[in-house]
Each structure stands twice: as C-alpha cells, then as structure tokens.
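Reading through the structure tokens given below for one structure.
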Amino acid sequence: MRKPDIFDEIIQCLKTGEKTGADTSMNEETLRVFFNPIPPKAAARPQAQAAAPAQDIQGVPPAYAPDMPEWESLRTECAACMKCGLGRTRTNMVFADGNPHAELMFIGEGPGADEDATGVPFVGRAGELLSRMIAAMTFDRKTETCIANIVKCRPPGNRNPADDEAAACMPYLKRQIAMVNPKVIVLLGAVPLLYLFNLKGIMRLRGHWLDYNGIPVMPTYHPAFLLRNPPAKKDAWADLQAVMAVFGRKPAPRR
Ligand code: SF4
Ligand code: URA
C-alpha cells in the first residue's frame, strides 16, 4: 500500500494526541501538513476526472448495486427528476458515492462544478480534503462510507441551495438515509445542519451530537471551509475523533 511520508508524521502526532486524550496536541503546522497540501485547482481537476470512472459518470451502478436494488431504483428516479429548477441546469445528477451498506455516512451541501461534470460527490478540492479526512479516520472512502448531499443537482455558480430546492430534494436524501441506516452520520457544514435539523450556527453546534431518528449525528465544518480556514481543522479533527470513538477506531500505524 502507498505510504506517503506525511502519514508517519500524522501517526506520531496522533500517538501524542492519544496520551493527552485529545487532539489538542496537534499544532497548527501539523494540521496544515495533515490535511493539506491539496493541489491548486488546475492540478486537482485531472485527478477528479481520474477518480470518477466512466461508469459513475453515466450513473451506472457501481460495485454494490446487486446488493441493494432499491438504492439503484432511487438512483434511476433521481436521474430523471425535475422537481426543482436545478434539474434544468445540471449536467449530471449526483446521487452518492461509496457503499450504501456503510456504517458511516457523510452529508454535504450539493454538487459543485467537478461533481456536476462527473456525477460523483466530493471529487474537487474539497472532496480531496474529505478523502484525506476519511483516510485519517481509518475508513476506506469507497467501501466503508456513503457520501451524499442535500441537493443532487448543482446550484448554478456554487451558491447554496435555496429553501425550495432543498425541500424538493430532501425526500430523496431521507430515503437514502433510511436505506443506508448508518451507525453515525457526519454533517458537513451549515447547509445539512439547516435542512436536516432546521438549526443555524455550525460554529456553535459543531462537535455536539444530534439525533436523527435514533442515528447519532455529528455536525462538523465543511471541507471547503477548512480549505479557507486551516486553523479550524483542529476542531474538525476533534469532531472526527469523537466519531471514530463510536466505532472503537484509533488512528493506526499503516504497517
Ligand atoms: Fe430533483 Fe433534487 Fe435535482 Fe431538484 S436537485 S431536480 S429535487 S434531484
Ligand atoms: N461540496 C459539497 O457539499 N458536496 C459535494 O459533493 C462537493 C462539494
């Protein structure tokens, strides 16, 4: 398995964190090295394309399809959806990534340009950071997580989804959550917090467990926010560690 040097640094840093019982030992510089360096946009795009195989682009079910036919019929239903105005401007409907049998689910806002182009959530720069966060949690993004968004079609110009768009799309996400029935849900940023819980104040509420139909939910910062505000990664990492604890996972050396 590929083992970048950065992981030695992370592991060391996490070991120190274990002793103190928290992440606070991770200084800002370590965090920066940890979640960065995400390549600038020009370099990220080809990667995003490479990360999205042709079958995903066409919305054809990935490997787990045979296990969950209701997941695939919902995907088909969403691909034809025109329930809100975003349907008219999308290139691809962005259904989900990962495994619908996963125990860990992430919910973001909605597709950006890269996601609209590929049909796969979180494949741009923020997606690259999310992938690293997931890897740091010792989870495999494709097989051990399921990633979805509040809206499945791209809001033009990367604006936040409007209330009516979120309301139109939400029944699909709720059906997805019910099918996945994850052990934990992680909300990425203010938008899922608003539309799943009708709550405002991600700064205040992040790190505090919520409950969605009996499923523990951890709100944390959106990776796009973390790209703009690297010092906030310390808090996000604390939130993710609380999630890891539910699974009894500790950051482990990779050999
Ligand atoms: Fe349908 Fe959701 Fe796309 Fe709107 S965003 S058209 S509700 S799938
Ligand atoms: N940001 C999101 O919230 N979702 C995506 O799929 C990509 C970027």
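Go over the candidates 218, 179 one by one and state the one that is over 25 Å from residue 93 (Cα atoms), among the aliphatic types (A, V, I, L, M) and away from ligand 2 (no atom under 14 Å from the Cβ).
On the way: 179 fails: over 25 Å from residue 93 (Cα atoms).
Exactly one residue qualifies, and that residue is 218.
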What pairs come up if the first residue lies in the range 72-87 and is under 20 Å from residue 117 (Cβ atoms), the second is within 16 Å of ligand 2 (Cβ to nearest atom) and among the aromatic types (Phe, Trp, Tyr), and their beta carbons are under 8 Å apart, counting only those six or more places apart or on different chains?
-> 75/95; 78/95; 78/172; 79/95; 81/172
Search result, residues across the range 138-153 that are in contact with a strand residue (DSSP E or B) (Cβ under 8 Å, 6 or more places away or on another chain) and not in a strand (DSSP E or B) = 139, 141, 142, 143, 144, 150
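Look at the range 233-253 and say how many of its residues are touching a Phe, Trp or Tyr at 6+ places or on another chain (Cβ under 6 Å) and either within 16 Å of ligand 2 (Cβ to nearest atom) or part of a loop (DSSP other than H, G, I, E, B) (or both). Give the derivation first.
Of the range 233-253, the ones touching a Phe, Trp or Tyr at 6+ places or on another chain (Cβ under 6 Å) are 233, 236.
So of that shortlist, the ones also either within 16 Å of ligand 2 (Cβ to nearest atom) or part of a loop (DSSP other than H, G, I, E, B) (or both) come out as 236.
The qualifying residues number 1.
Just to be sure I understand, how many residues within the range 200-209 are among the hydrophobic types (A, V, I, L, M, F, W, C) and either more than 17 Å from residue 109 (Cβ to Cβ) or at pLDDT below 95 (or both)? Spell out how you get there, then give the answer.
Applying the first criterion (among the hydrophobic types (A, V, I, L, M, F, W, C)) to the range 200-209 yields 202-203, 205, 209.
Checking which are either more than 17 Å from residue 109 (Cβ to Cβ) or at pLDDT below 95 (or both) leaves us with 209.
Residues meeting the conditions: 1.
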Within the range 98-117, can you find the residues that are within 13 Å of ligand 2 (Cβ to nearest atom) and either farther than 21 Å from residue 88 by Cα or touching a Gly at 6+ places or on another chain (Cβ under 9 Å) (or both)?
-> 98, 106, 107, 108, 109, 111, 112, 113, 114, 115
If you take the residues of the range 184-199 that are under 20 Å from residue 237 (Cβ atoms) and either at pLDDT below 95 or more than 16 Å from ligand 1 (Cβ to nearest atom) (or both), which of them is surrounded by the fewest Cβ atoms within 10 Å (Cβ to Cβ)?
-> 184
Quick one: residue 133 ticks every box in (1) in contact with a helix residue (DSSP H, G or I) (Cβ under 8 Å, 6 or more places away or on another chain); (2) within 16 Å of ligand 1 (Cβ to nearest atom) except a single one, so which number is it?
-> (2)
So residue 93 clears everything in (1) outside any loop (DSSP other than H, G, I, E, B); (2) hydrophobic (A, V, I, L, M, F, W, C); (3) more than 10 Å from ligand 2 (Cβ to nearest atom) except one condition, right? Which one?
-> (1)
List, please: which pairs have Cβ atoms under 7 Å, are six or more places apart or on different chains, and start with a residue in the range 173-191 that is β-branched (Val, Ile, Thr) and end with one that is within 12 Å of ligand 2 (Cβ to nearest atom)?
-> 185/107; 186/106; 191/109; 191/150; 191/160; 191/161
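Looking only at the range 126-140, decide whether some residue is farther than 24 Å from residue 209 by Cα, within 13 Å of ligand 2 (Cβ to nearest atom) and in contact (Cβ under 8 Å) with a residue 24 or more places away in the chain. Working first, answer last.
Within the range 126-140, the first condition is being farther than 24 Å from residue 209 by Cα, and the residues that meet it are 128.
Subset that is within 13 Å of ligand 2 (Cβ to nearest atom): 128.
Then keep just the ones that are in contact (Cβ under 8 Å) with a residue 24 or more places away in the chain; that gives 128.
For the range 126-140, residues farther than 24 Å from residue 209 by Cα, within 13 Å of ligand 2 (Cβ to nearest atom) and in contact (Cβ under 8 Å) with a residue 24 or more places away in the chain: present.
The values are calculated or read from the model by the stated rules, or taken from the named source; none is laboratory data. Keep in mind that this is a model prediction, so the values were computed, not measured. Don't worry about glycine lacking a Cβ; one is built from the backbone with ideal geometry, like all the others, and counts go over all protein chains shown.
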